[in-house]
């Protein structure tokens, strides 16, 4: 046989399944034939381009191969870390209250809350029991996608980085893009408890927990995802609401609602909820007790967010904007001011400044009297002190048993933690010290009607030479009665009387009445060159009013732990041992009443009731005092400069007496007048005085004694 001469292809079995790649390639070949060169050959790719593309493909395969392996390993590590942290998380109810120290709630004499100290925790609130307004305000402000993410929000982080870079900051500086879950992780400090042995203070511990380093962000993300794995969303929100710091010592929204508005977090309306949620961004800056207007402006931003996200209708939003949140009466008083600071400073440290428990302290404060004292000071400074004056003043009002009813430590009344001029400042008392000189003399048997010389008088002081005291007006009046000498605040008779009675006795009387400062050793003691605080002086005058017994000023009447009925501490009176005889006190009050009715203290006189007191002006008029009392209350006023600059045209008989008058007018408003417990002296011929030998001295005996002491007849 012959064939056609053509070469036949080898016999090959057909493939059962064709290659998809081959078919696709054939289809592309049929659709678009390759362009041939002039000689009919397919052009080759540029070798450099081919090399570059090959290199790119190799790098991509390398990166992809490495990347997915790293990603897989990282995911496994993160999953293991999240799982481990999840296993270490405690039951949810152990995370609500994480305070390292306790709180102190201060009640006034009527039982009303007027101040808080320490870290206040008002009690546990939950996402179910809190006001829906507050819950919505928190979510609208802090994390609108809270119920939709898994603990971290990549979109939020990217947005925060973009904002930080656009504002010229580092990617992790400023906005953090943190979810509520991440913020809760920081509040829990990733499960690391506060250890006072490791940290200098709780503030340093919290600052470390808030660091924004990359490693901290990784830990924060892991802990946040662990929280999401362990607890429900409402559980996490509950922890957040109970642990967030909201200024004013408030830990958690329940404490903040009580602190600022006097109500529970379950009762707040939209304006109050917006103000509370607005504190989260900067608690101290936006605290309404620091700047109410600024806090209200921040609340407007929160209300706008709530409205935009559908939590408030148009009508609700408009109503909330028109009626901004207002502080409670207690919050307006700036947490009790000077009085609360004094109680905390003088109370037992374990239950005040260093308490780890929640403590309730009942005090002697009368808020009506406190307001009266603040208003009186403001009235005098607004109407009778030149603008721009930096002069300061302080006021203390107390009962005769030492219970402090009001305390103003400076012109700025709504403060906390400020220098308290009523308790911390030690100033020369001037003539306000003289009643203790006369108390010593009267207790030794002298009478207010005894005569004493107001003539030139000099004393030789060892080591200092001769000292000759002068009266304020540089005049001498000759023989005067003791009551006349006190009424006109004459210096020379006071020095003579102190010398005659014995300086050691005068010092003993003053110190037993409560003047704790070191008292001068020389005769100038009688003129008040020693220093004392206003609180000490007021307590000493209270001792005169109560009949001559010493007084320890006190502000705390009961201390107990929260939840317990039995008090740990109680106090009902500050009266101590007797210093002078009751009759001596009554006659001294009679003399001091003359000071107010007829003498240097006339500006302090009250129109409807008896008052007694004494003016005081220190050397170079650096301090001006008025101390006095009615049958109901004792009050002391000090005025001066913090830097000891002399006062201009001010003595104790001037502005201090007027402040005292204004204070006591307000304090006694609505109270029936009561007579002072005073006793006018009987003529000396009718009142024999016991002698040291047990017999009675007549006025003739006293005349001889006084004639020998003072060189004057007794008349």
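The values are calculated or read from the model by the stated rules, or taken from the named source; none is laboratory data. A quick note: this is a predicted structure, and the numbers were derived from the prediction, not measured. Ideal geometry is used to build each Cβ from the backbone, glycine not excepted, and the neighbour counts take in all protein chains shown.
Annotations
- Neighbours by Cβ (under 7 Å, 6+ apart or cross-chain): first from region 189-213, under 14 Å from residue 119 (Cβ atoms); second modelled with pLDDT under 80 and outside any loop (DSSP other than H, G, I, E, B): 194/202; 194/205
- Those helices (runs of 4 or more DSSP H) lying entirely in region 211-317 with at least 2 residues assigned by TED's automatic domain parsing to the domain that holds residue 189, within 12 Å of residue 134 (Cα to Cα) and within 24 Å of the chain's Cα centre (by Cα): 253-261, 270-278
- Counting only strands (runs of 3 or more DSSP E) that sit completely within region 443-502, those holding 1 or more residues that are surrounded by 15 or more Cβ atoms within 10 Å (Cβ to Cβ) correspond to 451-454, 459-461, 478-481.
- Only a single item in (1) more than 19 Å from residue 401 (Cβ to Cβ); (2) surrounded by fewer than 24 Cβ atoms within 10 Å (Cβ to Cβ) is not met by residue 586, and it is number (1).
- Residues of region 417-429 that are part of a loop (DSSP other than H, G, I, E, B) and buried (at least 19 other Cβ atoms within 10 Å of the Cβ): 420, 421, 422, 423, 425, 429.
- Test: residue in region 153-175 that is at pLDDT below 90, touching a helix residue (DSSP H, G or I) at 6+ places or on another chain (Cβ under 8 Å) and crowded, with 22+ Cβ neighbours inside 10 Å: no
- Residue in region 376-397 that is within 23 Å of residue 546 (Cα to Cα), assigned to a loop (DSSP other than H, G, I, E, B) and either in contact with a strand residue (DSSP E or B) (Cβ under 8 Å, 6 or more places away or on another chain) or at pLDDT 95 or above (or both) present: no
- Taken over region 647-676, the criterion of being part of a loop (DSSP other than H, G, I, E, B) and touching a strand residue (DSSP E or B) at 6+ places or on another chain (Cβ under 9 Å) is satisfied by 647, 650, 651, 652, 653, 654, 676.
- Condition met for residue 81 (closer than 30 Å to residue 217 by Cα, under 60 Å from the mean Cα position of the chain (by Cα), at pLDDT below 85 and surrounded by fewer than 17 Cβ atoms within 10 Å (Cβ to Cβ)): no
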